[in-house]
Amino acid sequence: HAASARHQSHQRYLEGQDEEHLRQLTLIRDLQSAVTCDQLHMVYQPKIDARSGEVVEFEALMRWQHPSLGFIPPDEFITLAERSGNIRPLSRWMFNAVCSQLAAWQRQGQRLSVAINLSAADLGDADLVALLLNHLRHHGLQADQLALEITESAVMEDATLASHSLNRLRQAGLTISVDDFGTGYSSLAQLKRLPVGELKIDKSFILQLDSEDDDATIVRSTIEMGHSLGLRIVAEGVENAASAGLLKEYGCDFLQGYWIARPLPADSVIEWLGGNNPFPLSAIRHAK
Ligand code: C2E
Ligand code: MG
Ligand code: MG
Ligand code: MG
């Protein structure tokens, strides 16, 4: 009966494949209504100065509540949107959502800065620069209130095109940050040719950071090399006081992660700031 058992498990595998495929097709089909039917929203995760604890900015992260499938993680739907050529409407919705939010906070007396994540397709959008600058102007915001995060792979996909948009945005005063650094194939030397001001070390190196481990060596040397090229270094995925302490010791400039705060709904941001700016880094010493 081994053969029939094998047949059954193969059958289940195929059904699993079909289900997965069907889910993907459903999500791709529903991406459009996600934008038009108000199913998307942004959450905001703070980034703090590792020395002073001061909140430097918030990263805007997209959320999709699908009407029947529930919460869809962005790693899933952003990837599907990119692969199916549907990312631009999502990005355009996001630019407006973030700039409106910044303007709303400003009306409440808080001048905040937000970093947004861009896809490779956004960088290839000939209208990107004009669009972003128009949004800023329309909402009465300054260029230093918006920063851009782009993954290594997005930049390397079409480096010439990307560097054209990025140079113009940099000239306009926006900060450009390379996200998930360490997971792609770019070298610091290649990145140096782009108008990049900041590196975000990927969370896979940070989550289990331990001074005895290889990750620590990679993190330390990335911080050193980055600094010698004049770049600021951010660590994402800081989940505990121990890794925050090590990163501070290694000279990492900024920290982001669940230990500081999970991504927050927009209407909790000002209240969170009230109790956490500056963030109490003294907790690091207590934990050691
Ligand atoms: P990312 O830009 O590298 O964002 C960091 C991800 O790590 C976020 O996941 C964040 O919630 C999560 N994170 C933050 N701190 C911690 C921590 O301490 N521990 C752990 N385990 N995770 C932490 P999220 O929100 O699920 O987003 C996943 C990815 O989806 C983002 O990675 C980004 O590449 C993409 N994404 C999200 N929003 C957008 C968007 O508006 N546009 C584009 N193009 N991509 C987006
Ligand atoms: Mg990011
Ligand atoms: Mg990242
Ligand atoms: Mg990521």
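The values are calculated or read from the model by the stated rules, or taken from the named source; none is laboratory data. Predicted model, so just to flag it, every value in this text is computed and none were measured. Reconstructed Cβ throughout: ideal geometry from the backbone, glycine too, with neighbour counts over all protein chains shown. Heavy atoms of the whole protein, side chains included, go into the accessibility calculation; ligands, DNA and RNA do not. Shrake-Rupley method; radii C 1.70, N 1.55, O 1.52, S 1.80 Å.
For the range 150-167, enumerate the residues that are of a type outside the set (A, V, I, L, M, F, W, C), modelled with pLDDT of 80 or more and outside any helix (DSSP H, G or I). Once the filter is applied, which keeps residues that are of a type outside the set (A, V, I, L, M, F, W, C), modelled with pLDDT of 80 or more and outside any helix (DSSP H, G or I), the range 150-167 yields only Thr151. Going by what's in this entry, would Val238 be described as modelled with pLDDT of 95 or more, in contact with a helix residue (DSSP H, G or I) (Cβ under 6 Å, 6 or more places away or on another chain) and within 16 Å of ligand 4 (Cβ to nearest atom)? Here the answer is yes, as Val238 does meet what is asked. Within the range 65-76, restricting attention to residues that are closer than 22 Å to Gln256 by Cβ and touching a Leu at 6+ places or on another chain (Cβ under 8 Å), the residue that is surrounded by the fewest Cβ atoms within 10 Å (Cβ to Cβ) is Glu76.
None of Phe77, Phe71 is more than 17 Å from Pro265 (Cα to Cα) and hydrophobic (A, V, I, L, M, F, W, C) except Phe77. When the test is whether a residue is more than 18 Å from Pro195 (Cβ to Cβ), among the basic types (Lys, Arg) and without any contact (Cβ under 8 Å) to a residue 40 or more places away in the chain, Arg168 does not pass it. Total residues in the range 202-230 satisfying the condition of being touching a residue at least 40 places away in the same chain (Cβ under 8 Å) and more than 16 Å from ligand 1 (Cβ to nearest atom): the figure is 1.
When restricted to residues that are more than 23 Å from Arg262 (Cβ to Cβ), modelled with pLDDT under 90 and touching a strand residue (DSSP E or B) at 6+ places or on another chain (Cβ under 9 Å), the range 183-207 contains 5.
Just one of the listed residues (Leu80, Leu61) is in contact with a Pro (Cβ under 7 Å, 6 or more places away or on another chain) and within 16 Å of ligand 4 (Cβ to nearest atom), namely Leu61.
Residues in the range 168-184 that are more than 16 Å from ligand 4 (Cβ to nearest atom), outside any helix (DSSP H, G or I) and surrounded by fewer than 16 Cβ atoms within 10 Å (Cβ to Cβ): Gly173 alone. Residues in the range 143-155 that are crowded, with 17+ Cβ neighbours inside 10 Å and either in contact with a helix residue (DSSP H, G or I) (Cβ under 6 Å, 6 or more places away or on another chain) or free of Cβ contacts under 8 Å to residues at least 60 places away in the same chain (or both): Ala143, Gln145, Leu146, Leu148, Ile150, Thr151, Glu152, Ala154, Val155.
Counting the residues of the range 243-286 that are open to solvent by less than 70 Å² (accessible area, probe 1.4 Å), under 16 Å from Ser211 (Cα atoms) and either modelled with pLDDT under 95 or not small (Gly, Ala, Ser) (or both) gives 5.
Picking from residues in the range 15-43 that are polar (S, T, N, Q) and more than 30 Å from Ala104 (Cα to Cα), the one that is least open to solvent (accessible area, probe 1.4 Å) is Thr26.
The residue pairs whose first member lies in the range 61-87 and is at positive phi, whose second member is in a helix (DSSP H, G or I), and whose beta carbons are closer than 8 Å, counting only pairs six or more residues apart or on different chains, are Gly85/Ala121. Looking only at the range 80-111, residues that are open to solvent by 20 Å² or more (accessible area, probe 1.4 Å) and either closer than 17 Å to Thr175 by Cβ or in a helix (DSSP H, G or I) (or both) come to 14 in all. With respect to the conditions (1) in a loop (DSSP other than H, G, I, E, B); (2) buried (at least 16 other Cβ atoms within 10 Å of the Cβ); (3) at pLDDT 95 or above, Gly140 falls short on a single one, namely (2). Among the residues of the range 208-242, the ones that are open to solvent by less than 10 Å² (accessible area, probe 1.4 Å), in a helix (DSSP H, G or I) and touching a strand residue (DSSP E or B) at 6+ places or on another chain (Cβ under 8 Å) come to 3 in all.
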